[in-house]
1. How many residues are part of a strand (DSSP E or B), open to solvent by 70 Å² or more (accessible area, probe 1.4 Å) and acidic (Asp, Glu) when one looks only at the stretch 60-90?
2. Quick check: is even one residue across the stretch 27-38 open to solvent by less than 60 Å² (accessible area, probe 1.4 Å), of a type in the set (D, E, K, R), modelled with pLDDT of 95 or more and at negative phi?
3. Just wondering, is there one or more residues in the stretch 47-59 that are within 13 Å of Glu23 (Cβ to Cβ) and assigned to a loop (DSSP other than H, G, I, E, B)?
4. For Glu44, which of the numbered conditions (1) closer than 19 Å to Trp72 by Cα; (2) under 12 Å from the mean Cα position of the chain (by Cα); (3) among the charged types (D, E, K, R) fails to hold?
5. Take Pro21 and tell me if it is open to solvent by 50 Å² or more (accessible area, probe 1.4 Å) and in contact (Cβ under 8 Å) with a residue 60 or more places away in the chain.
Amino acid sequence: MKLHLVLKHKWYDLIASGEKPDEYRKRTPYWKKRLWDKRYEIDEIVFHRGYTSETITKKVVEIVEDSGKEEWGAESLEIYYVIRLKGGEE
């Protein structure tokens, strides 16, 4: 199953370059239903660079609950749904 996510240009570019191998989503009821409850079904993420037609597709290694890196937008001591991505452009 594919999940589509729209990212700000900054985060999209870091994922596209392979520099950022994880994507974070806050643990809210919305993301629990859309992401966490379907974590075993989601095998690919289609990232959209803002609301442009530019996209990349990445394979999902796993979706876990974990902390994130502050340099990648995570808040200190916050636990997120972390989407771990397979390296390289698919």
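The values are calculated or read from the model by the stated rules, or taken from the named source; none is laboratory data. Computed from a prediction, not measured in an experiment: that's the story for all the values here. Note: ideal-geometry Cβ built from the backbone for every residue, glycine included; neighbour counts use all protein chains shown. Accessible surface areas use protein heavy atoms only, side chains included; no ligands, DNA or RNA. Shrake-Rupley method; radii C 1.70, N 1.55, O 1.52, S 1.80 Å.
1. Qualifying residue count for the region: 2.
2. Scanning the stretch 27-38, I find no residue that is open to solvent by less than 60 Å² (accessible area, probe 1.4 Å), of a type in the set (D, E, K, R), modelled with pLDDT of 95 or more and at negative phi, so the answer is no.
3. Looking through the stretch 47-59, none of the residues is within 13 Å of Glu23 (Cβ to Cβ) and assigned to a loop (DSSP other than H, G, I, E, B).
4. That leaves (1) as the condition not met.
5. yes
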